[in-house]
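Asker: I have a structure I would like to understand better, so I am pasting it below and will then ask my questions one at a time.
Every read-out reported here was derived from the displayed coordinates using simple, explicitly stated rules and does not represent laboratory data. Remember, it's a predicted structure, so these values are computed and weren't measured experimentally. Note that each Cβ is placed from the backbone with ideal geometry, even for glycine, and that neighbours are counted across all protein chains shown.
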Amino acid sequence: MPRTEQGVLIPGQISPQRPVPLHIKRPEYVGKPSPAQHVGGDRYDDETIAAIRKASKIAAQGLEVVLSAAKPGITTDELDRIGHEFLLSQNAYPSTLGYRGFPKSLCSSLNEVICHGIPDDTIIREGDILNIDISAFIDGVHGDTNGSIVVGDGSQEALDLVTRTKEAMLRGIRAALPGREVNIIGRAIESYAKRFDYGVVRDFTGHGVGTSFHSGLIIPHYDAPEYNTVIEPGMVFTVEPMLTLGTHDWDLWEDGWTVTTKDKSLTAQFEHTILITEDGPEILTEA
Ligand code: MF3
Ligand code: CO
Ligand code: CO
């Protein structure tokens, strides 16, 4: 239903807001137009890191649960319900639900949707690229992760894009050594993506995450020397590159959220929350 005859996605029907039991603590921004200013920087003490570890693990498990339910015929709204219920079962709050007014418990971004797709009655089809981005808030902190799959059998170019986007993320993570500037991450990602002539999305970035969902620290996925924050042990942030088969330019739907490639080319994304240790990066969003 919600696609044109050419297969281009169009907005579907969004279901009513899913409730969250009162015993699950909400982030401060829920019910407000925007979050409070982040305080305290991007380095965390051991106790807070332990909490971010727990939130990240729940998010990673949620991603696994949702992606394993993704089959041709299911709607993105049903995947939202599955993710929502999983997070609640862990006593976690779905960080996206009510974040700057976002209405759902995860982002579901198909094919030409780069990121921030809103779950709706769109039916997933064989060969679609599906990106699920899910975040958990528990004990005062967030963990944030996403992953992309090709549903059922897909084109070789879709499969390659997904595999290489994951590899690009891992290369970005491995570059995140203490003492380097955060721009090393984007340089590693872009130099790999360029081999395949992929577009590297610039205007949506990785970010500091922890006691805030987005701390204000920006992690570029392209070569951008101006982002020169030095990576230090104790820092927690995401690496979440979006690669495309065409342009890095994008359009925004009238819903104010859904970001698509301007040329409607396919796109994929992977995201981990990482902790910087003395020895290097550690992935926290592992199930
Ligand atoms: N999880 C997304 C990220 O990686 C943010 C989603 S914000 C939302 O930064 F409002 F779109 F849900
Ligand atoms: Co993120
Ligand atoms: Co995310």
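Asker: Using the per-residue mean of other Cβ atoms lying within 10 Å as a proxy for protection, in what order, highest first, do the peptides 140-148, 40-48, 174-182, 231-239 fall?
Answerer: Ranking, from highest mean packing down: 140-148, 231-239, 174-182, 40-48.
Asker: By how many nm would the segment from Thr277 to Glu232 lengthen if fully extended, with 0.36 nm per residue of separation less the alpha-carbon distance?
Answerer: 15.4 nm
Asker: Around Ile231, which amide H atoms from residues at least 5 apart in sequence, or from another chain, sit under 5 Å from its own amide H, with H modelled in the peptide plane?
Answerer: Those qualifying (amide H under 5 Å, at least 5 residues apart or on another chain) are Gly179, Arg180, Glu181, Val182.
Asker: Follow-up. Once the principal axes of the Cα atoms of the range 60-130 are found, what is the range along each, listed largest first in whole angstroms?
Answerer: Extents along the principal axes: 34, 25, 19 Å.
Asker: Follow-up. Using modelled amide H (1.01 Å from N, peptide plane; none on Pro or chain starts), what sits under 5 Å from the amide H of Val239, excluding residues fewer than 5 places away?
Answerer: Those qualifying (amide H under 5 Å, at least 5 residues apart or on another chain) are His272, Ile274.
Asker: Give or take rounding to whole Å, what are the principal axis extents of the alpha carbon atoms in the range 1-72, in descending order?
Answerer: That works out to 53, 31, 27 Å along the principal axes.
Asker: Right, here's the next one. With viscosity set to 0.890 mPa s and temperature to 25 °C, compute the Stokes-Einstein D of the range 239-287, Rh being the Kirkwood radius across alpha carbon pairs; µm²/s, no decimals.
Answerer: 188 µm²/s
Asker: Karplus couplings for the range 185-197 from phi (6.51 cos²θ - 1.76 cosθ + 1.60, θ = phi - 60°), rounded to Hz, Gly and Pro as x?
Answerer: 5, x, 4, 5, 5, 5, 5, 5, 4, 5, 3, 9, 6
Asker: Among rounded, prolate and oblate, which fits the range 42-188 when a ≥ b ≥ c are the square roots of the eigenvalues of its C-alpha gyration tensor, a/c under 1.5 means rounded, and a/b larger than b/c means prolate?
Answerer: Here the range 42-188 falls in the oblate category.
Asker: Now for a different question. Report the full-extension gain for the segment Glu64 to Glu254: residue separation times 0.36 nm, less the Cα-Cα distance, to one decimal in nm.
Answerer: The Glu64-Glu254 span can extend by a further 65.4 nm.
Asker: Right, another one. So which aspartates and glutamates pass the test for Lys264, namely a Cα distance under 12 Å, with those fewer than 8 places away in the same chain ruled out?
Answerer: Glu112, Asp249, Asp251
Asker: Rounded, prolate or oblate for the range 134-223? Axes are the square roots of the Cα gyration tensor eigenvalues, ordered a ≥ b ≥ c, and the cut-off for rounded is a/c under 1.5.
Answerer: Oblate, since a/c reaches 1.5 and b/c is not below a/b.
Asker: As an exercise, use a Förster radius of 30 Å and the Cβ-Cβ distance of Ile14 and Glu126 to find the FRET efficiency, rounded to the nearest 0.05.
Answerer: Once rounded, the FRET efficiency stands at 0.80.
Asker: Kindly write out, for the range 103-109 in residue order, the coupling ³J(HN,Hα) from the Karplus curve 6.51 cos²θ - 1.76 cosθ + 1.60 (θ = phi - 60°), rounded to whole Hz, with x marking Gly and Pro.
Answerer: x, 10, 8, 7, 9, 10, 10
Asker: Another question, if that's okay. Classify the range 13-114 as rounded, prolate or oblate from the Cα gyration tensor: take a ≥ b ≥ c as the square roots of its eigenvalues, call it rounded if a/c is under 1.5, otherwise prolate when a/b beats b/c and oblate if not.
Answerer: It comes out prolate by the Cα gyration axes.
Asker: Right, next: Which residues' amide hydrogens lie under 5 Å from the amide hydrogen of Asp120, considering only partners 5 or more residues apart or on another chain, with H built in the peptide plane?
Answerer: Thr76, Asp77
Asker: Let me ask you something else. In percent, how large is the relative contact order of the range 136-287, given Cα pairs closer than 8 Å and 6 or more residues apart?
Answerer: Relative CO of the range 136-287 lands at 28 percent.
Asker: Output the Cα-based Rg and Dmax of the chain in Å, rounding Rg to one decimal and Dmax to a whole number.
Answerer: 17.7, 53
Asker: Measuring from centroid to centroid over Cα atoms, what is the spacing of the range 199-251 and the range 128-196 in Å?
Answerer: The range 199-251 and the range 128-196 have Cα centres spaced 11 Å from each other.
Asker: Over 22 Å, how big is the tail of the calculated P(r) for the range 117-272, in percent of all Cα pairs?
Answerer: The proportion of pairs with Cα distances above 22 Å equals 42 percent.
Asker: Return the distance in nm (one decimal) between the two label points of a simple spin-label model at Val30 and Asp139, each offset 7 Å from Cα along Cα→Cβ.
Answerer: Each label point lies 7 Å from its Cα, and together they span 1.9 nm.
Asker: Enumerate the lysines that Lys54 could reach by cross-link, defined here as Cα to Cα under 24 Å, with residues fewer than 8 away along the same chain left out.
Answerer: Here the lysines satisfying the reach criterion relative to Lys54 are Lys25, Lys104, Lys166.
Asker: Given points 7 Å out from each Cα along the Cα-Cβ axis, report the Glu167 to Glu5 separation in nanometres with one decimal.
Answerer: Output for this residue pair reads 3.9 nm.
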